[in-house]
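Every number here is computed from the coordinates shown, using simple stated rules; none is lab data. Because the structure is a prediction, the values reported are computed rather than measured. Glycine gets a Cβ as well: all are built from the backbone with ideal geometry, and neighbour counts include every protein chain shown.
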Amino acid sequence: MAIRSQKAPEEQRTLVEMSWDPITRIIGNLGIYTKIDFSNKEVVECKSTSSLFRGYSVFMRGKDPRDSHFITSRICGICGDNHATCSVYAQNMAYGIKTPPLGEMIINLGEAAEYMFDHTIFQDNLVFVDFCEQMVKETNPGLLRRAETTEAPRGHIHGYRTIADIMRAFNPFTGAVYREALQMSRLTREMFCLMEGRHVHPSTLYPGGVGTVATPQVFTDYLVRLLRALDFIKKAVPMNDDVFDFFYEALPGYEEVGRRRIMLGCWGAFQDPGVVDYDYRTMNDWGRAMFVTPGIVLDGQLLTTNLVDINLGIRILLGSSYYDDWENEETFVTHDPLGNPVDQRHPWNQTTLPRPQKRDLENGNYSWVMSPRWYDSRTGDYLALDTGGGPIARLWTTALAGLVDTGTVKATGHSVIINLPKSAQLPEMQFEWKVPQWSNTIERDRARVYFIAYAAAMAVHFVEQALGEVRAGRTKVFTDFDVPEDGIGVGFHEAVRGVLSHHMVIRDGKIANYHPYPPTPWNASPRDVYGTPGPYEDAVQGMHIFEENGPENFKGIDIMRTVRSFDPCLPCGVHMYLGEGRVLKQVHSPTLGTSVSG
Amino acid sequence: MTKSGAASGTMTKIRSKVGKGRAREPIRTGRAMVSPDFTAHLKGIKEGNATGNYEHQRGHLPDGRSTAARSTGIRPKAHDAIDPRMPNLSPA
């Protein structure tokens, strides 16, 4: 954290500039720069920056399209399989093929395990550090005193008597929940590896299918682990509810922390093998058949569930990013296969022209992230959609669309009902995620644990379907194909932390253009050419500060909780600048045990 | 002769770096024929994904089912289902 300049007057308010760069528990390239009015306890301005250039869209050109899922998997070290899956979807469209039903089930099972793994490790090992006893003691001692005397309403299920007991269980390395979550992440990764060969860069995932040999054994091995995970999940959901309800109750007004206009995007997950054919012309039908419904929610209303509309509305804007405009560059796709015009600012037509430069937070460019927006043709607005870390958007669109009904999961139009079968310790249980009043920090975090339950319930459904296929002897898991000389494809999927799209153009049998758009460019985007701030900036700006510390030992816990509620990527070390040239380094070592000294 | 002369020159250089004791052999590699970002496929070369390969491989039936010949070439029939009405689940 840096206090760059003390007390700069602006609008007759005393503002203090504070920055966190890089933000911890996120791959070390995200910085948050704020101006805080401590007398009114308010964040007045926020800018989010990235100092890392990746360039996948540059070096993918000219490569064999069949390599794209192996290469783009390396975009991320924690959700690489989401990229591989999305790339496979895009390739399937470009090659005109579909995965056989059992192969599709295997991909769905792998992805369900990935959601369970990644959300668990992020929520319990990274997010809950912000809610643990040690942290709350340092930032809100009054809140901890109250937690000590507050009974946990659902303690009979999860076993913790008071809210403070739960917070103690969240303590890093020593807390019971923290340690159990690490065990769970191992278990769920094993589930993933059974289906996709290797975590996190799948070795058995290809366009047209999978290389996994489908035997009753492989699905039974998966099911055994799933049932063990169910016990953990059944306790986690009520425990999360207890903690988050307590924050609302003990800190009146906490719902305003990280609150922004409800502008959520979800690109859908888990293909239905009975419907999907990867043909762009029928994308609306198979998109709506997905087991997580794609859609855009604006101000609580479901705007669309049509993937064609979603696709055509995507615009990549500049404004505060270190790139030259590609307005006069080549147009690769003028019309989509349905004859609709495709904008020059659409990923199919994007040409990445990096221009490194000095960061200028005041009046210039300050980030390597571009500004993806969704063009609302009804109003002409360029909406800065966020994913809310993934789960809140997925559950919201699925709930409102009311299309999913597998028995284990049912979308009602206003909620999602999740049924988990009997497991070793706990009986059959039902959870209901209800559409919340706000899109804020607490609800983003709460949705995450509900989506773990959702993914587990869907996994139960998929494993039953897959075993049905195997028992019928239908063991085909791949289909063969030829790479066309020219073609286009798009894949829509949900990375763990939200929307994911891969747009590909093939010419002469090689990649002519390839643009992956993962969730963090949407969430961490800077101000666009119209001056619209990105979701992090928007959520933090204007936020009330509940931390009890003053400027001298300010931790920025409410800001950190907000940024982390969006589930920015992987954990990293801590590196905080405290002003006056003093650099404090705090390293989180992932060692086992707590008695490591030195 | 010229080539080996060049190689021994390189070796001398490396030896001097290693110093006394066992001299390390340099790793000898061939001349790079393609650039590192060269496309993975050359036209005309057989592709594993090519259409028709599914049918050509043993044990894969046209209707999506399979036999033990998919998994083994050693007396595969002995591993097939006993009763034709049973699903044929070939070993992994």
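Per-residue shielding of B:48-55, expressed as the average number of other chain Cβ atoms within 10 Å of the residue Cβ, stands at 5. Taking 13 Å as the cut-off, the amide N atoms of the stretch A:282-314 that come nearer than this to a point 7 Å along the Cα-to-beta-carbon line of A:Leu338 belong to A:282-288, A:304-314.
Of all DSSP-defined beta bridges confined to chain A, some 95% are antiparallel rather than parallel. Separation of the alpha carbons by more than 24 angstrom is noted, of A:Lys98/A:Lys410; A:Lys35/A:Lys358; A:Lys510/B:Lys46; A:Lys41/A:Lys137, for A:Lys98/A:Lys410. Counting only Cα atoms, the size of chain A along its three principal axes is 64, 62, 49 Å, in decreasing order. In chain A, Cα pairs under 8 Å separated by at least six residues give a relative contact order of 23 percent.
When peptides A:48-56, A:236-244, A:151-159 are ranked by their average number of other Cβ atoms within 10 Å per residue, the highest-first order is A:236-244, A:48-56, A:151-159.
As a calculated quantity, the FRET efficiency between B:Met86 and A:Val213 at R0 = 30 Å, using C-beta atoms, amounts to about 0.95.
The 3J(HN,Hα) values that the Karplus relation (6.51, -1.76, 1.60; θ = phi - 60°) gives for the stretch A:314-327 are, in residue order, 6, 10, 9, 9, 10, x, 9, 10, 7, 9, 8, 6, 10, 3 Hz. Gly and Pro appear as x.
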